Amino acid sequence: PAIAGAVGVTGRGLVGRALPDGERWEQVGPVETLPALDGEFVAVSGGGHVRLHHLRDGKLQWSIDSEGRQLSAMAHDGQHALLVLTDPHDSRLQLVLIVDQEGVVRHRTRSEPALGQPTTVGGLGLVPWSGRYVTVIDLAQGEPLAQFLVENSTTTAVADLQGVLLLGRGVLRL
């Protein structure tokens, strides 16, 4: 379930709290990207790692090697994190990882086309790419199930209680 929260970057690391009346928490450590929030988790990269924290109390769920890349997007279905990592120097392909709750990378692939903000729903990951396509991935198996063309410069997929929204030059509800 999604929880409301606020997370900020300080000179020492992350600070956050669940809204409206959660306890303030702080995690000290390097932060090189803006935090990515989804569901009850927040992810950030820095110091050669991607870290996943619980949004409610800031506790570390896991930390994995970023392979010299930085977190650019994250979606989480409660069981798996779908991460998009980019090279800060744009010299290597983007990396897409599916990571389980224990921090084990279950699937890894590289992508040349520009990837957008993914979302998760019902054990599936939806990843927009090249502003025109969306690939549907089975998060448990790490296998692509479908790919479809969307003619609205899609850059972001968002799941809500009524389904999935694809955002670009317009909005398309699946």
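Quick note: the coordinates plus some simple rules give every number you see, no bench work behind them. The structure displayed is predicted, hence computed values, not measured ones. In this analysis, Cβ positions are derived from the backbone assuming ideal geometry, glycine residues included, and neighbour counts consider all displayed protein chains.
Things to note:
- Around residue 92: net Lys/Arg minus Asp/Glu count, Cβ-Cβ under 12 Å: -2
- Mean Cβ count within 10 Å, highest first, over the residues of peptides 114-121, 22-29: 114-121, 22-29
- Dimensions of the chain based on its C-alpha atoms, expressed as ranges along the principal axes with the largest first, amount to 43, 38, 30 Å.
- Rounded Å value of the spacing that divides the Cα centres of the range 115-174 and the range 55-105: 18
- Relative contact order computed over the chain (Cα-Cα under 8 Å; 6+ residues apart), in percent: 11
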